[in-house]
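Peer 1: Here you go, one structure.
The values are calculated or read from the model by the stated rules, or taken from the named source; none is laboratory data. Predicted model only: the values in this text are computed from it and were never measured. Using ideal geometry, Cβ is built from the backbone for each residue, glycine included, and neighbour counts are taken over all protein chains shown. For accessibility, only protein heavy atoms count, side chains too; no ligands or nucleic acids. Shrake-Rupley method; radii C 1.70, N 1.55, O 1.52, S 1.80 Å.
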Amino acid sequence: WAGLGILALTFGTIGIVVPLLPTVPFLLLAAFCFARSSTRLHNWLISHPLFGPPIQDWSERGAISSRSKRTATASIGLVFALSLLLGLRPLILSIQAVVLTAVLVFIWTRPSG
């Protein structure tokens with residue numbers, strides 16, 4: 001569990017600077033793994049000034065910060081625009097549009113952190 005937690009934390013940290021790699025889901029996975037393997041690592045993660053607040057927002061209220069919602073929306077828009085520019089087939093674009101819209105609906109219907 002600790003190894004998987006460290007791997008998830010690594011991906012979450014990379015996601016801070018790589019726009020299409022989600023940060024918070026990996027942080028939630030890391031918190032889950034650390035809770036099962038290391039009290040010290042779990043406590044460090046949830047009390048960390050950068051990583052802790054989104055984990056606590058989600059754990060306590062199922063909330064996503066407004067900034068994260070806007071960033072996710074922009075990233076999703078960029079991905080879809082790139083797909084259009086690459087000239088993907090209409091079927092693929094349709095499937096992508098449905099999935100990305102569902103993701104946006106999920107994100108924007110969560111409370112704001």
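Peer 1: Which pairs do you get when a residue that is open to solvent by 80 Å² or more (accessible area, probe 1.4 Å), found in segment 87-112, comes within reach of a residue that is not small (Gly, Ala, Ser), reach meaning Cβ atoms under 8 angstrom, with the pair 6+ apart or on two chains?
Peer 2: Sorted first by the residue in segment 87-112, then by its partner, the pairs are Trp108/Lys69; Trp108/Thr73.
Peer 1: Scanning segment 14-73 for residues that are in contact with a Gly (Cβ under 9 Å, 6 or more places away or on another chain) and not in a helix (DSSP H, G or I), which turns out nearest to Trp1 (Cα to Cα)?
Peer 2: Within segment 14-73, the match that is nearest to Trp1 (Cα to Cα) is Ser38.
Peer 1: Further question: Among the residues in segment 83-98, are any modelled with pLDDT of 90 or more and within 25 Å of Thr13 (Cβ to Cβ)?
Peer 2: no
Peer 1: Is it fair to say Thr39 is open to solvent by 60 Å² or more (accessible area, probe 1.4 Å) and either in contact (Cβ under 8 Å) with a residue 24 or more places away in the chain or hydroxyl-bearing (Ser, Thr, Tyr) (or both)?
Peer 2: In short, yes.
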